[in-house]
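The values are calculated or read from the model by the stated rules, or taken from the named source; none is laboratory data. Predicted model only: the values in this text are computed from it and were never measured. We place every Cβ from the backbone using ideal geometry, glycine too, and count neighbours over all the protein chains shown. Side chains are part of the model used for accessible areas, which takes the heavy atoms of the whole protein and leaves out ligands, DNA and RNA. Shrake-Rupley method; radii C 1.70, N 1.55, O 1.52, S 1.80 Å.
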Amino acid sequence: MADTNLFSLLIVSSFVAYFLALRKARSWQFSENKVSLHSLPTYHGYLSAITTALPALIVLFIWMFLEGSVVSAKIVSSYSELAAMNEQSVSLALNEIRQLAVTGFGSQDPSSFYYLAAKQYNELYDQSSELRSVSVIALLVIGFLITYLRIKPDSRTRNSVEQYTTYFLLA
């Protein structure tokens, strides 16, 4: 899944989590028993949105930051030709491999080192993209379920939301 689609999914799921938690908290408030909530229903929605989106967003940004260097290190360790080169030559060879992987293989000899490395480069990025998507979606679901299942009339969600807000403002 493309990064923009994944980020859009993260935003939409955060809104959905907000409204589902808000609805559940209001159902407690407006039930036949007229249960009094410790925190306003909007705070339950805010907390659900935060705990749904924040872990997935952190993992997404860390993954995007580290992905290139991990794939490059895997390519270098896979080929003895790259391992034998000095640092500048490795950087130049990796740039050629990336360029070949992005632009297509053209008239490159299928048995050449650069062709094989570019093919592996594309495969590693595809695997990484799939794993990143699954990880982010799993974190979205887990974050939502943990918060949603903890919505109770005596939940002190306002305190949690204020703590997240304080951490965000101080960071």
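Is it the case that Tyr18 is crowded, with 17+ Cβ neighbours inside 10 Å, in contact with a Lys or Arg (Cβ under 7 Å, 6 or more places away or on another chain) and closer than 18 Å to Tyr164 by Cβ? Walk me through it before giving the result.
Details: crowded, with 17+ Cβ neighbours inside 10 Å: yes; in contact with a Lys or Arg (Cβ under 7 Å, 6 or more places away or on another chain): no; closer than 18 Å to Tyr164 by Cβ: yes.
No.
Using the structure shown, decide if Leu6 is open to solvent by less than 20 Å² (accessible area, probe 1.4 Å), within 30 Å of Arg98 (Cβ to Cβ) and hydrophobic (A, V, I, L, M, F, W, C). Against the criterion (open to solvent by less than 20 Å² (accessible area, probe 1.4 Å), within 30 Å of Arg98 (Cβ to Cβ) and hydrophobic (A, V, I, L, M, F, W, C)), Leu6 qualifies. Considering the stretch 29-42, and only residues there that are part of a helix (DSSP H, G or I) and surrounded by fewer than 19 Cβ atoms within 10 Å (Cβ to Cβ), the residue that is modelled with the highest pLDDT turns out to be Thr42.
For every residue, the table says whether it meets (1) part of a helix (DSSP H, G or I); (2) closer than 15 Å to Ala73 by Cβ.
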residue	(1), (2)
Met85	no, yes
Ser89	yes, no
Ala93	yes, yes
Leu116	yes, no
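Taking the criterion of being more than 30 Å from Ala56 (Cβ to Cβ) and surrounded by 13 or more Cβ atoms within 10 Å (Cβ to Cβ), the residues of the stretch 97-138 that qualify are Ile97, Leu100, Phe105, Gln108, Phe113, Tyr114, Tyr115, Leu116, Ala117, Ala118, Lys119.
Within the stretch 146-171, track down each residue that is hydrophobic (A, V, I, L, M, F, W, C) and open to solvent by less than 80 Å² (accessible area, probe 1.4 Å). Don't jump to the end; show me each part of the working.
Filtering the stretch 146-171 for residues hydrophobic (A, V, I, L, M, F, W, C) gives 146, 149, 151, 161, 168-171.
Ile151, Val161 - these are the residues of the stretch 146-171 that are hydrophobic (A, V, I, L, M, F, W, C) and open to solvent by less than 80 Å² (accessible area, probe 1.4 Å).
For the stretch 72-83, check the following and say yes or no: at least one residue is modelled with pLDDT under 90, touching a His at 6+ places or on another chain (Cβ under 9 Å) and not in a helix (DSSP H, G or I). No: the stretch 72-83 contains no residue that is modelled with pLDDT under 90, touching a His at 6+ places or on another chain (Cβ under 9 Å) and not in a helix (DSSP H, G or I).
If you take the residues of the stretch 43-84 that are among the polar types (S, T, N, Q) and open to solvent by 40 Å² or more (accessible area, probe 1.4 Å), which of them is nearest to Phe168 (Cα to Cα)? Spell out the reasoning first.
If we filter the stretch 43-84 for residues that are among the polar types (S, T, N, Q), which is where we start, we get 48, 51-52, 69, 72, 77-78, 80.
From what is left, the residues that are open to solvent by 40 Å² or more (accessible area, probe 1.4 Å) are 69, 77-78, 80.
Values: Ser69: 28, Ser77: 39, Ser78: 41, Ser80: 46 Å.
This residue is Ser69.
Step by step: first the residues of the stretch 96-150, then only those that are under 30 Å from Ala49 (Cβ atoms) and among the aromatic types (Phe, Trp, Tyr), then the one that is modelled with the highest pLDDT. Which residue is that?
Quick first cut of the stretch 96-150, residues under 30 Å from Ala49 (Cβ atoms) only: 128-150.
When the remaining residues are screened for being among the aromatic types (Phe, Trp, Tyr), the result is 144, 148.
Values: Phe144: 95, Tyr148: 91.
Once the filter is applied, the top-ranked residue is Phe144.
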